[in-house]
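Below: one structure, written as structure tokens.
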Amino acid sequence: MKSLVALYTANAREFTRDRMASLFTILIPVLFAAFFGAIFGGDSGYKLNLGIVLEDSGLVGQQILASLTSPEAGKMLSIKVGGRDEQLAALGKGDLQAVLVLPSSLSQSVDQKKQTGVDVYYDEARQSSSGIGLGVVRDLLAQTNLAVQGIQPLLVAREEAIQTHPLRPVDFFVPSVLAMSMLWLGLFGTSLPLVQQREQQVLRRLSASPVSRVTLLGGQVCWRLTVGMIQASVFLVIGVFVLGVQIEGNWPLFAAGSVLGALVFISMGYLLAGLSDTMEGAAALAQLVNFPLMFLSGIFFEPSMLPSFLRPVTNVMPLTYLADLFRQTMVGYSALHPLWLDFAVLAGCLVIFVGLGLRFFRWER
Amino acid sequence: MPEEAVLEVRDLLKTYGETRALDGVSFLVQPGEVFGMLGPNGAGKTTCIECIEGLREADGGAITVLGMKQGADRQRIKSRVGLQLQTTGLFPKLTVLELLRLFATFYPRPLPVSHLIEMVDLKEKKGTRSKDLSGGQRQRLSLALALVGDPELVFLDEPTTGLDPQARRALWDVVGNLKGKGKTVMLTTHYMEEAEQLCDRVAIMDHGKLIEMDRPSALIARHFEEAAIEFNASAGWPTELVSGLPGVKNVASQGSRLVVYSRDVPRTMAALFELGSNRGLDLEEITVRSASLEDVFLKLTGRRIRE
């Protein structure tokens, strides 16, 4: 027991004095979560910049403008009124996504029930934003058509989000990146240090001492499990107090998931260390594992955004299940898989990694 | 009265592919003895000592350490012996003090850490991380780690290889201390002067076999009643003629140097000078010395130990 505590402390000191290990397991993941949350999120949300050229002095032009600047439309649109040349220049620079010209003949034509053209300018090179702009303008014109003809719309879409509380991108990224940080605990916090200690013959010297190998492994694993718990707590605290993540979690399941997730990736680290002969090999292997897991596990985007032939791949990535587990138990994000399946897959991975890890682990070169 | 041997090795065998690293090695080490295993690199010293320590599995033979069978009692043996490996891997970011305290928890009755630090003279370095130690300090730390469990038997595998002469002497002092305390030490080395200085008995190993074993002085006396005259023979000294000179017992060539073993140094020297002036050959860099373990080794194996 005394040896176990001493080995735990030794591993902790070695780990915390190694800047790379602390950097990769805690600091960089936190920055990742904050960074992606900021890029894709924030409170303002996405707004379409629409330019209006109001040449019509009549009632219809005023009505359209009023409906565009209503608080309801203001959530989506940012309206700028100005002269035609000025607006087209702004469109060319990319400051506006579309320009709508309300011609001087507009009110008159409407009064006379004559069809009239409304010019819409957009930048063809900016497909997605101008596509949204065109859609908004068409929708607007359709509504105006009905209104000026005095027709009551019979079918009205009642929009209701199925989330019980609104989720922002940062609510998605914080639990996802926590899962990634546990992957990194396995790769950069377990596999690489172990291979290094094997190369430097630290493991050999320890195993030559009378302390049992179970105790040696116990000290290493217990410390790394602690790192996993630190990761979970740090993400929780920073998520809530710095990034303002809405926590609506299931604490016992989140805690159990953290322990299980950390153990899965720590044991994967042992397996990878056993499969690598040299430090260089271990680093290459870590990257080989890191990239597919990072990008095909729904950490940075949901799997539904991947091309269809890649989607089955996400289902064999253990990280997919851990990220899903954290999203569900930490912020109540919609489930990719049922929670029991997440736990079952991770437990299965743990059994496989521990089995293979013991088979391939080596104390010396 | 013969005490029970601390270490008993019988017919040790170990092969790596085609190579016989250990080819029937047998010896006994008595309590309180400093036993040295001498041999060139690749002779099998490390393989031998690591089989005895239980770090490697021998292919055949029997090893008894402190009355316990190596293999079956590996774990019990480990807690009663101390060992210094040829390259000691230490947590690089832990300090001297932290490493000693860590290893102290591995043994049932460890020595006080402060006492060990004193013993290997690392008091000023106790707060230094192991990666920042010099080669000599590192070696002394690894010796302290070997001694932390207060072992009855200590194994040192090339404890002074790669150290400067001063650091080597500091380490010899520590080993001398151990001997003074009645500990048994088995060490390997390829430094002749180290073996002569430290060891009560040495075994000379070559190609996985022990070719001689005795006290250093007895080995020298057995193989040489003569002194050695050494000089630079690159000018073209004819070996056959030199070996026929008066008093010469044997001639050995070591690279560009010729070693002439003589029972009568004045007569041999006179004859050498005469031969030289007749042939127009110079006697460059000539030295005369008494025979050493190095000469025994050269005689037995036909090569210098550090080739």
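Read-outs: derived from the displayed coordinates by stated rules, not from any lab. The model shown is predicted, which means the values in this text are computed figures rather than measured ones. Cβ sites come from the backbone with ideal geometry, for glycine too, and all protein chains shown count toward neighbours.
In table form, for the structure just shown:
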item: DSSP beta bridges in chain B [antiparallel fraction, %, rounded to 5]; result: 70
item: Computed over segment B:150-307, the ratio Rg/Rh where both radii use C-alpha atoms and Rh is Kirkwood; result: 1.06
item: Nearest 10 degrees, 0 to 90: helix B:265-279 Cα axis against chain B principal axis; result: 60
item: Lysine-lysine proximity count for chain A, Cα under 20 Å, sequence distance 8 or more or distinct chains; result: 4
item: Between segment A:285-335 and segment A:46-69, the alpha-carbon center distance in angstrom; result: 44
item: Summed residue charge, Cβ within 11 Å of B:His223's Cβ, Lys/Arg positive, Asp/Glu negative; result: -2
item: Residue with peak Gaussian network fluctuation, chain A [Cα springs, cutoff 10 Å], from A:Leu141, A:Leu225, A:Leu339; result: A:Leu141
item: Computed log₁₀ I(q)/I(0) - Debye formula, equal Cα scatterers, no solvent, segment B:21-65, q 0.27 Å⁻¹; result: -1.22
item: Linear extension gain, B:Ser243 paired with B:Glu4, 0.36 nm per residue minus alpha-carbon span; result: 81.3 nm
item: Förster radius 60 Å - calculated FRET efficiency between A:Ser57 and A:Leu27 (Cβ-Cβ, nearest 0.05); result: 0.50
item: Prolate/oblate/rounded call for the protein assembly as shown, Cα gyration tensor, a/c under 1.5 rounded; result: prolate
item: Gaussian network model of chain B, springs between alpha carbon atoms under 10 Å - residue of B:Leu143, B:Leu111, B:Leu100 with greatest fluctuation; result: B:Leu111
item: Choice from B:Phe231, B:Phe103, B:Phe273 showing the highest fluctuation, given a GNM over chain B with Cα pairs closer than 10 Å; result: B:Phe273
item: Helix axis angle, A:2-16 relative to chain A longest principal axis, alpha carbon, degrees; result: 40
item: Principal-axis tilt of helix B:135-147 within chain B, Cα atoms, nearest 10 degrees; result: 50
item: Highest average packing first - B:223-230, B:175-182, Cβ atoms within 10 Å; result: B:223-230, B:175-182
item: Dipole magnitude of segment A:48-148 about its Cα centre (Cβ charges: Lys, Arg +1; Asp, Glu -1), debye to nearest 20; result: 160
item: Label-point gap, in nm, between A:Arg19 and A:Asp111 - each point 7 angstrom along Cα→Cβ; result: 7.6
item: Spin-label pair A:Lys47/B:Glu18, simplified geometry with 7 Å Cα→Cβ offset, distance in nm; result: 8.2
item: Cα-Cα separations in chain B greater than 26 Å, expressed as whole percent; result: 53
item: Using a Förster distance of 30 Å, the FRET efficiency for A:Val118-A:Met305 (Cβ separation, nearest 0.05); result: 0.30
item: Approximate spin-label separation A:His337-A:Leu134, in nm, with each point projected 7 Å along Cα-to-Cβ; result: 4.1
item: Other-chain or far-sequence residues with amide H under 5 Å of B:Lys249's (modelled H); result: B:Tyr261, B:Ser262, B:Arg263
item: Segment B:Arg267-B:Ser290, extension gain: residue separation times 0.36 nm, minus the distance between their alpha carbons; result: 6.7 nm
item: Which listed pairs, of B:Lys209/B:Lys299; B:Lys14/B:Lys45; B:Lys45/B:Lys183; B:Lys93/B:Lys125, have C-alpha distances above 19 Å, in listed order; result: B:Lys45/B:Lys183
item: Share, in percent, of DSSP beta bridges within the protein assembly as shown that are antiparallel, nearest 5; result: 60
